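Only one structure is covered here, and it is reproduced in the block below.
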Amino acid sequence: VSARILSSSLVARVQAGQLHAVARLISRAEQGGPEVRPALAEIYRRAGRAHVIGITGVPGSGKSTLVGKLTGRMLACGRRVGIIAIDPSSPYSGGAILGDRIRMSEMAHDPRVFIRSMATHGATGGMAHTTLDAVDILDVAGFETIFVETVGVGQDEVHIAKAAHTTIVVSAPGLGDELQAMKAGLLEIADIHVVSKCDRSDANRTITDLEQMLMLGMASDGSNWAVEVVGTSSVAETGLDELVEAIERHRAYVARTPQGQPRGQAIAEFRLRKTAENLLLQRFADYFAREDGSSTGKLMRRESDPYSMAAALLERETLQNQ
Ligand SMILES: Nc1nc2c(ncn2[C@@H]2O[C@H](COP(=O)(O)OP(=O)(O)OP(=O)(O)O)[C@@H](O)[C@H]2O)c(=O)[nH]1
Ligand SMILES: [Mg+2]
């Protein structure tokens, strides 16, 4: 009972926009466990106002720099901005988060901006759902625009980028002659393609390549949204206002046209799926923590097989906790 009372007062403080309450609730969501669930359930029901923008792309393509620039423009429009950066903590770009912090440091002390990085290492499939909980927490706290930056490497991270209202895929010139977005399977998920670093002379070729690829792969998903390609330079400050306009156009498209509706449905389904997966994983973790070796003993002696045992286990653990 006391956990529940604590949770609902924490939710109230989040709703009042208290940033330390926001940070605390996100940390609790990261820790997971049953105690925080009532609070997150309440958060979910109260959220839904923010515009969530997923930004993905290969390592070093300029995502964080771009988020910094876009954040400045959103603030100028009078919006509060939440930023969630998924720390890849991978061989691809280890340690980038510190760089992210430094690059965004002019905003680090602005109370209208909340920056949070979340680690992926050690997450047992719960990363996507914790990230989306964090998005909702920021939403309830009154952040109108929320950026989620993920490196477009790994399925979970691609899915997170897709679980936004607007998904931006960033490609940069000079990272190899093949289109990185295509290699990483990112081509199809973009609502808006950004070619960053357009202050470089080889950027035009990247734009042309990308436009050609988009034409070739024009698999219509039934939506009327024409994917846009925007060239930007965070150094020369070009293309950024155009990008903001494209983002606003897409936001209006998703919010106000019937063609935008399936997007919301897909996000809700992804959310349910990830939450269910996570609950199941946690139950099995609990089961294996209790397991005294009798099941594995049976397996080792070939008295049972993993298929029937897993099926029985699945049924028991699912029914037991209803
Ligand atoms: N020339 C040029 N360089 C840029 C531009 N934007 C970013 N960079 C540089 O590109 C490098 C990577 O930028 P980041 O913003 O950290 O890229 P990122 O995609 O967030 O990187 P990870 O998070 O590590 O995947 C840095 O050295 C930036 O200074 C740009 O518009 N022009
Ligand atoms: Mg980054």
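Taken together, the values in this text are just the output of simple stated rules run on the coordinates, not laboratory data. On a predicted model such as this, the values are computed, not experimentally measured, just so you know. Positions of Cβ are generated from backbone atoms using ideal geometry, with glycine treated the same way; all protein chains shown enter the neighbour counts.
If R0 is 25 Å, what FRET efficiency do you get for residue 315 and residue 31 from their C-beta distance, rounded to 0.05?
With R0 = 25 Å, the Cβ-Cβ based efficiency is 0.30.
May I ask for the distance between the Cα centers of the range 125-144 and the range 233-267, given as a whole number of Å?
20 Å
Semi-axes of the equivalent ellipsoid of the range 188-285: what are they in whole Å, largest first, if each equals the square root of 5 times a C-alpha gyration tensor eigenvalue?
Values: eigenvalues 208, 66, 44 Å².
Over the Cα atoms of the range 188-285, the semi-axes work out to 32, 18, 15 Å.
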